[in-house]
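Chemist: Got a structure here, written out as C-alpha cells. Questions coming.
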Amino acid sequence: MKTFEISLNGERLATQAPTLQALLQARGYALQCAMACAINRSFVPRPEWPERALKNGDRIDVITPITGG
C-alpha cells in the first residue's frame, strides 16, 4: 500500500488512506457529524469523499461547527 505525505489541519503526517473518507475514518472523525472538507483550498462535497483520491502534498482542512457563544 502506498504512503502519502499530507497536511491535515496544519499537521504534517504520513497516511496509507487512499481516499478522503478513508483518511477521516482512520483519524477518528465521525462521518455522520456535521463537517466540511477542503483539499488544497477547494471544497469537496460529502458525496465525493469516498472517491476523492489523496496525493502526496495534499493539504486537507476539516472544519467542524462550534456551538455556544
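Chemist: Counting trypsin sites (Lys or Arg not before Pro) as exposed when in a DSSP loop with at most 15 other beta carbons within 10 Å, what is the longest stretch of the chain free of them?
Modeler: Longest gap between qualifying sites, sites excluded: 3-26.
Chemist: Could I have the simple spin-label model distance between residue 62 and residue 19, label points 7 Å from Cα toward Cβ, reported in nm to one decimal?
Modeler: It works out to 1.6 nm between the two label points.
Chemist: Additional query: What's the carbon and sulfur percent of the chain's accessible surface, probe 1.4 angstrom, rounded to a whole number?
Modeler: Exposed carbon and sulfur together represent 53 percent of the surface.
Chemist: Just in the range 2-69: which GluC sites (Glu not before Pro) are loop by DSSP and have at most 15 other Cβ atoms within 10 Å?
Modeler: 51
Chemist: Over the range 1-66, average the accessible area per residue using a 1.4 Å probe and give it in Å², no decimals.
Modeler: 62 Å²
The values are calculated or read from the model by the stated rules, or taken from the named source; none is laboratory data. Note that the structure is predicted; figures quoted are calculated from it, not measured. Cβ sites come from the backbone with ideal geometry, for glycine too, and all protein chains shown count toward neighbours. When the accessible area is computed, the model is the full protein with side chains, heavy atoms only, and any ligands, DNA or RNA have been set aside. Shrake-Rupley method; radii C 1.70, N 1.55, O 1.52, S 1.80 Å.
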